[in-house]
Amino acid sequence: KAGVTQTPRYLIKTRGQQVTLSCSPISGHRSVSWYQQTPGQGLQFLFEYFSETQRNKGNFPGRFSGRQFSNSRSEMNVSTLELGDSALYLCASSLAGWETQYFGPGTRLLVL
Amino acid sequence: SQQGEEDPQALSIQEGENATMNCSYKTSINNLQWYRQNSGRGLVHLILIRSNEREKHSGRLRVTLDTSKKSSSLLITASRAADTASYFCATGVVQGGSEKLVFGKGTKLTVNP
């Protein structure tokens, strides 16, 4: 089976712009979770989607949003980018959100 | 608030030695998982231990779980330079009526050749 893929791998944006990241889960996985990883805060949970519904949400402002399509592919969007949004964004898929998660390589976002 | 806390934050050993990392957590769990992350890459799942299990092995890895102490340990035996990575514990918990996986901040392991 193909692994989890994320696009793009690297992104440079400026403050105030918005960005959309994409994640394709492992075939058959209906749960997709997103995480933000920074040196200071570590791995922080953003949200989880299961069968096109947001099932769980972390403690992030409303500028962070996501969605999941009928083929389980997911996108996350960050609007009005801030310098502090610079991070590695990781997507993970699983059969159920709290079981073994399979991570993609991540998208490294730099906000200037 | 952080559910899992790894200890130590950093560990440096020689090739061939054993490495032990610990994880403590705060609330009841369904399972506890360990992941490895090589620098700046995605995480790789190592092992999952359920709340009713006490010990689990996978190759050179041994994980123990003590639910009474709310702690787990990951032992890597006969370490290799390729084991150099950050190791995270993650706990499967029920929060707000739904299940989620909560990660700790990790232990950075360096294995010197």
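The values are calculated or read from the model by the stated rules, or taken from the named source; none is laboratory data. Model, not experiment: these values are computed from the prediction. Note that each Cβ is placed from the backbone with ideal geometry, even for glycine, and that neighbours are counted across all protein chains shown.
Listed by position, the strands (runs of 3 or more DSSP E) inside the stretch A:24-86 whose residues that are of a type in the set (A, V, I, L, M) and in contact (Cβ under 8 Å) with a residue 12 or more places away in the chain number at least 2 are A:42-50, A:74-78.
Quickly run through the stretch A:68-95 and pick out the residues that are within 14 Å of chain B (Cβ to nearest Cβ), crowded, with 16+ Cβ neighbours inside 10 Å and over 17 Å from residue A:38 (Cα atoms). The answer is A:93, A:94. Restricting the stretch A:96-112 to residues that are within 14 Å of another protein chain (Cβ to nearest Cβ) and within 18 Å of residue A:13 (Cβ to Cβ), the residue that is farthest from the chain's Cα centre (by Cα) is A:110. Taking the stretch B:1-50 as the range and being more than 21 Å from residue A:92 (Cβ to Cβ) and in a loop (DSSP other than H, G, I, E, B) as the test, the residues that pass are B:1, B:8, B:9, B:15, B:16, B:17, B:18, B:26, B:27, B:28. Kindly evaluate residue A:25 against the criterion of being surrounded by 22 or more Cβ atoms within 10 Å (Cβ to Cβ), modelled with pLDDT of 95 or more and within 16 Å of residue B:44 (Cα to Cα). Considered against the rule, which asks whether it is surrounded by 22 or more Cβ atoms within 10 Å (Cβ to Cβ), modelled with pLDDT of 95 or more and within 16 Å of residue B:44 (Cα to Cα), residue A:25 comes out as yes.
Within the stretch B:81-89, identify whether any single residue is within 12 Å of chain A (Cβ to nearest Cβ), in contact with a strand residue (DSSP E or B) (Cβ under 6 Å, 6 or more places away or on another chain), surrounded by fewer than 17 Cβ atoms within 10 Å (Cβ to Cβ) and free of Cβ contacts under 8 Å to residues at least 60 places away in the same chain, and answer yes or no. Looking for residues that are within 12 Å of chain A (Cβ to nearest Cβ), in contact with a strand residue (DSSP E or B) (Cβ under 6 Å, 6 or more places away or on another chain), surrounded by fewer than 17 Cβ atoms within 10 Å (Cβ to Cβ) and free of Cβ contacts under 8 Å to residues at least 60 places away in the same chain, one finds none in the stretch B:81-89, hence no.
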